[in-house]
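Comments concern the structure below.
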Amino acid sequence: MKLEPKFINYRQKIEDSFNRQGFMKLIGAKLVDVQVGYCEIEVPYRKDLTQQHGFFHAGVISTIADNTAGYAAFSVMEESSSILTVEFKLNLMSPGDGEKLIGKSKVLKHGRTLTICRSEVYVEKEGVKKLCAAAQSTLIELKNTSDKAENNSK
């Protein structure tokens, strides 16, 4: 499936949206790459992002799977639209044991309202990347809805 952006400045809109996410700042996430139908985000290891065994917490792993899917889908939506996740299935396949998480997502199907994405989250340790989680997400395009909190009801 060949995907096309609906407007030229989709990358800037995604970067601006990402930069407004307080949680991304809190966990130290970095938006690495955005292309039409694709997004990549990394999170460096920090002790305060771990569970009791010292691995990345599943909540952080799932957040990266969700956000990469959201921005991959957002890249093919209308300029005046916003986005929300409506369904999310995550499989944790190995512990998040490493120096950083690398989330990658791509659009599988883009429809008029719903977009389906596949996310993979890798953990990198000593230069070796290992798949630790995979997700499938359904996202809804909210047409004529701002992506900024001050313009939406709280």
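The values are calculated or read from the model by the stated rules, or taken from the named source; none is laboratory data. Predicted, not measured: the structure shown is a model, and the values here were computed from it. Note: ideal-geometry Cβ built from the backbone for every residue, glycine included; neighbour counts use all protein chains shown. All accessible areas refer to the heavy atoms of the entire protein, side chains included, with ligands and DNA or RNA removed. Shrake-Rupley method; radii C 1.70, N 1.55, O 1.52, S 1.80 Å.
A few remarks follow.
- The chain: angle of helix 10-20 to the longest principal axis, Cα-based, in degrees nearest 10: 60 degrees
- Largest-first principal axis extents of the Cα set of the range 90-151 (Å): 45, 28, 16
- Share of carbon and sulfur in the accessible heavy-atom surface of the chain [1.4 Å probe, %]: 51 percent
- A simple spin-label model places the labels of THR85 and ASN19 2.4 nm from each other, with each point 7 Å out along Cα-to-Cβ.
- Crossing angle, helix 58-74 versus the chain [Cα axis fit, 0-90 degrees, rounded to tens]: 30 degrees
- Alpha-carbon centroid distance for the pair the range 97-149 / the range 1-79, whole angstrom: 7 Å
- Tail beyond 22 Å, pair distance distribution of the range 26-112 (Cα, percent): 30 percent
- Å² per residue, accessible surface of the chain at 1.4 Å: 54 Å²
- Each residue of the range 106-121 was assigned a 3J(HN,Hα) from its phi angle through the Karplus expression (A = 6.51, B = -1.76, C = 1.60, θ = phi - 60°), giving 9, 6, 8, 8, 10, x, 5, 10, 10, 10, 10, 10, 10, 10, 10, 10 Hz with x at Gly and Pro.
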